[in-house]
């Protein structure tokens, strides 16, 4: 045991832990290197960015100083050129060629203060008038040219604003002075101010840059295919021509090189590697080069690299020490654990040997590397029938048949176990008595620490009884699978993965697909796209909970049509009551769903139709819902209006269009509805001549389905039509059945609406009649009082005067007699004759009053003579021509009817006289059928708003009431400026 322990110790704890520690150290070193390198890269980038920022800030600052100086000079010179006192003095110098001491002093002050080398005054002809430094100064060709340009353009010209005008060592400003006389033709004087750039830019560019030994700024400009330096270099002098060429090249490339952040990485005039930035100065050809030696620029980066390297090496050494300490400590701990494990292993092996020998229903063999039996347990003897003495040392092929031994099957099994580590199979094995049993055999290769096979472990179980049970189950399963396959309805099954692995013949026949197309999730491709998510989600939830489920979905059949199916699914379990999957069956419920959908649609249509009492809304809903229900393209609906059926618009492809059509009572379709009382189907309108051709041609109608609408008493109250079933399908009996059902609902709704309309009209008429009766009663009362007043006035005025006259005549005779005066017979006769005249006139007045109250002619001669006499009286009493014509000789009306007709005529003529301003009135009495027709026509001004006048006129209201009393009809037609016609029709008794 101790020997094995030491061997394992050297192998497991001196080998593997050291390798592990070394590998761990290597990994940590790599990680440290990665971390250090990442930190170095980060710091390098950061430092470089800071250095670039520093160099940029220096360059920007120096550039701003140069720009400010140049802009300041421009501003100072702009002020100088418009200084009138100075200009006048300079002009005086020009005219007199005499310069004062004061002016010379002023020029010297300007020269010294602004660091000019020389100030030259030039007149308009480029002649030098005055020079601060030299009295014999001369202008070169460029100076003359720039003076002329400055004077003519009236602007300051800087010599370095253009490369071709530059001078190598001087800066020149050409300043045109304003013309004090403001004469356009007078040439201007020009000041030429010359400055030395070194004296200006050396202190400016070399200030505050001493912190970096090699940092300096150089201001240069192009000159004669090279460059000229505007300041003296800080650390060295300008090099040879090659250096000049290099700097010239740098200037040229400054506009084209796209290096990092606009910097140039190259060599300077001293052939030092530098980092430089070149910036152009506005308003000039100058370029500012700010540079630093590359070694100084990257010095902080090199420092950080050293720091990172030292840190990584130090950390690596520290980790090496820690890992070594951990390794040493783990060796001691593992040795203790190994010793305890070896002791425990020995105990376990003893227990395992006892356990193996205690197993009676499993045969356990130990074989050597050739397959000879070395050891076995008691279970092996029970199963195989051998004793230990009979079997130990023999080859395990003794349990195989002769044919299997001949085919080297036992040897091959050992090879398989060596190759794969283990090998398992089931097959027939032979016992000692020659009988066979069905065995499950597991061969496991036993290997030493070097991986060499030194034997095999063979475990055998007798599964003969299990095989018999499985055979019985298999036979039973085949029977039930045959039963399911022949089941008349579709059946499916899924496995433990939830995917379908079986569909019976009915399912495949229904879908017209193969079993391969349906397996897995392939069956879902036949589901309607609106049902896939719902159905799959419900199935997955039921599968997860192992619960029964029911789902309805649309499945495409073999004809390519989607039909509704109800699917019942439930979990099923194997013989050991383990969950094995789901099984389900389906039933076609498409007819039921369509029936339910039809019922729901009809209920919805009915509810929509009953929701309104407005007849037009009901008709619109009827047309739209019927078209949708029949899947048609268009249609219309109409209801009976008096003696015709009126179509006002047509619904075509989801919108309404204007279409007007009137169907009369004697039209063919109306007669057919009255005769058959059924829907009319025409699937080919070409064969029918009585179809509305305008409708057919406009909407390309091929098919027509017309459904009648009947009222509560069975009378035809309307009908509706749908045209052209979509997808070129024909209207069938199902559509007729559905639209008949819709028609029944619509008939009730329309009848209800019509009754409601009639009730509403009646209610309005009753309210109007009540108002009219109240107005009529008030008018009658007013007319009665007016008539009484008229009669009283006529009695008082006419009869009162007559009786007063009679009384006076009688009083005169009485007075004569009382005074004993004897009147002569002639006097008495004259007085009596006067009284007689008064009496006659009174009688006529009484007759007139009586006639106005009731016509004497009407009572004794009848209606026609009374009307004729009344017309004559109208002509006599007014300037209106009243023509009377009667085509009826006589008729039998009672007195009440005669009076009512006469009063209507009387009121009509009175209204004409009062309001119409007519000159002719025609009264005609005729007979038509069983009615007496009376027409009163005038040529007056008519009524502008006839309906309003008819409604509010008390006279016309009385005429209407009398017409109702006569069971007749009164119609009034009036046109403005064309007169009025009143037509009264009264039935004979």
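The values are calculated or read from the model by the stated rules, or taken from the named source; none is laboratory data. No experiment lies behind these values; they were computed from the predicted model shown. FYI the Cβ positions are ideal-geometry reconstructions off the backbone, even for glycines, and counts take in every protein chain you see.
Kindly check whether there is at least one residue in the stretch 622-629 that is within 22 Å of residue 751 (Cα to Cα) and modelled with pLDDT of 85 or more.
No: the stretch 622-629 contains no residue that is within 22 Å of residue 751 (Cα to Cα) and modelled with pLDDT of 85 or more.
Return yes when residue 417 is surrounded by 15 or more Cβ atoms within 10 Å (Cβ to Cβ) and modelled with pLDDT of 80 or more and no when it is not.
Taking the combined requirement at face value, the residue satisfies it.
Which condition number does residue 982 fail, the rest of (1) at pLDDT 85 or above; (2) under 21 Å from residue 863 (Cβ atoms); (3) surrounded by fewer than 18 Cβ atoms within 10 Å (Cβ to Cβ) being met?
(3)
On the phi < 0 side of the Ramachandran plot, surrounded by fewer than 16 Cβ atoms within 10 Å (Cβ to Cβ) and touching a helix residue (DSSP H, G or I) at 6+ places or on another chain (Cβ under 8 Å): which single residue out of 628, 703, 664 fits that description?
Details: 628 fails: touching a helix residue (DSSP H, G or I) at 6+ places or on another chain (Cβ under 8 Å); 703 fails: surrounded by fewer than 16 Cβ atoms within 10 Å (Cβ to Cβ).
From the options 628, 703, 664, the qualifying one is 664.
Take the residues of the stretch 178-195 that are modelled with pLDDT of 85 or more and more than 17 Å from residue 68 (Cα to Cα): which is surrounded by the fewest Cβ atoms within 10 Å (Cβ to Cβ)? Before the answer, list the steps.
Of the residues in the stretch 178-195, the ones modelled with pLDDT of 85 or more are 190-195.
Next cut, more than 17 Å from residue 68 (Cα to Cα) only: 190-194.
Values: 190: 26, 191: 24, 192: 24, 193: 24, 194: 20.
Applying the filter and picking the extreme gives 194.
Out of everything in the stretch 114-130 that is more than 10 Å from residue 193 (Cα to Cα) and assigned to a strand (DSSP E or B), what residue ends up being modelled with the highest pLDDT?
Ranking the qualifying residues of the stretch 114-130, first place goes to 122.
Tell me which residues, restricted to the stretch 657-666, are farther than 20 Å from residue 724 by Cβ and either in contact with a strand residue (DSSP E or B) (Cβ under 8 Å, 6 or more places away or on another chain) or outside the structural domain of residue 736 (by TED's automatic domain parsing) (or both). Give the derivation first.
Residues of the stretch 657-666 that are farther than 20 Å from residue 724 by Cβ, as a first pass: 660, 662-666.
If the condition is that a residue be farther than 20 Å from residue 724 by Cβ and either in contact with a strand residue (DSSP E or B) (Cβ under 8 Å, 6 or more places away or on another chain) or outside the structural domain of residue 736 (by TED's automatic domain parsing) (or both), then 660, 662, 663, 664, 665 are the ones that fit.
Anything in the stretch 426-439 that is under 23 Å from residue 368 (Cβ atoms) and touching a strand residue (DSSP E or B) at 6+ places or on another chain (Cβ under 6 Å)? List them, or say none.
429, 430, 439
Please go through the stretch 376-389 and give me each residue that is surrounded by fewer than 18 Cβ atoms within 10 Å (Cβ to Cβ) and touching a helix residue (DSSP H, G or I) at 6+ places or on another chain (Cβ under 9 Å), ordered by number.
Of everything in the stretch 376-389, those that are surrounded by fewer than 18 Cβ atoms within 10 Å (Cβ to Cβ) and touching a helix residue (DSSP H, G or I) at 6+ places or on another chain (Cβ under 9 Å) turn out to be 378, 381, 387, 388.
Would it be correct to say that residue 654 is not assigned by TED's automatic domain parsing to the domain that holds residue 640 and not in a helix (DSSP H, G or I)?
Yes, satisfied.
List the pairs whose first member sits in the stretch 107-119 and is exposed (fewer than 14 other Cβ atoms within 10 Å of the Cβ), whose second member is at pLDDT 85 or above, and whose Cβ atoms are under 7 Å apart, counting only residues at least 6 apart or on separate chains?
From the stretch 107-119, the pairs are 115/195.
For the stretch 898-925, how many residues meet the condition of being touching a strand residue (DSSP E or B) at 6+ places or on another chain (Cβ under 7 Å) and either under 20 Å from residue 959 (Cβ atoms) or part of a strand (DSSP E or B) (or both)?
Final tally of qualifying residues: 14.
Could you tell me which numbered condition residue 410 fails, if it satisfies all but one of (1) over 19 Å from residue 377 (Cα atoms); (2) surrounded by 15 or more Cβ atoms within 10 Å (Cβ to Cβ); (3) modelled with pLDDT under 85?
Only one criterion in (1) over 19 Å from residue 377 (Cα atoms); (2) surrounded by 15 or more Cβ atoms within 10 Å (Cβ to Cβ); (3) modelled with pLDDT under 85 is unmet by residue 410, namely (3).
Hey, which of the helices (runs of 4 or more DSSP H) in the stretch 1-111, taking only ones fully inside, have at least 3 residues that are at pLDDT 80 or above?
Those helices (runs of 4 or more DSSP H) span 16-81.
Answer with yes or no whether residue 632 is at pLDDT 80 or above and in the same structural domain as residue 735 (by TED's automatic domain parsing).
Considered against the rule, which asks whether it is at pLDDT 80 or above and in the same structural domain as residue 735 (by TED's automatic domain parsing), residue 632 comes out as yes.
Scan the helices (runs of 4 or more DSSP H) fully inside the stretch 496-611 and keep the ones with 1 or more residues being under 37 Å from the mean Cα position of the chain (by Cα) and without any contact (Cβ under 8 Å) to a residue 12 or more places away in the chain.
532-545, 590-610
Take the residues in the stretch 352-365 that are closer than 21 Å to residue 438 by Cα and in contact with a strand residue (DSSP E or B) (Cβ under 9 Å, 6 or more places away or on another chain); name whichever of them is modelled with the lowest pLDDT. Reasoning before the result, please.
Just the residues of the stretch 352-365 that are closer than 21 Å to residue 438 by Cα, to begin with: 359-365.
Now narrow it down to the ones that are in contact with a strand residue (DSSP E or B) (Cβ under 9 Å, 6 or more places away or on another chain): 361-365.
Working: 361: 72, 362: 80, 363: 81, 364: 81, 365: 81.
Residue satisfying both the conditions and the ranking: 361.
Are there any helices (runs of 4 or more DSSP H) wholly within the stretch 372-419 with 2 or more residues that are farther than 14 Å from residue 431 by Cβ, and if so which?
Counting at least 2 such residues, we get 388-391, 402-406.
Determine, yes or no, whether residue 675 is more than 34 Å from the chain's Cα centre (by Cα), part of a helix (DSSP H, G or I), within 23 Å of residue 737 (Cβ to Cβ) and assigned by TED's automatic domain parsing to the domain that holds residue 754.
yes
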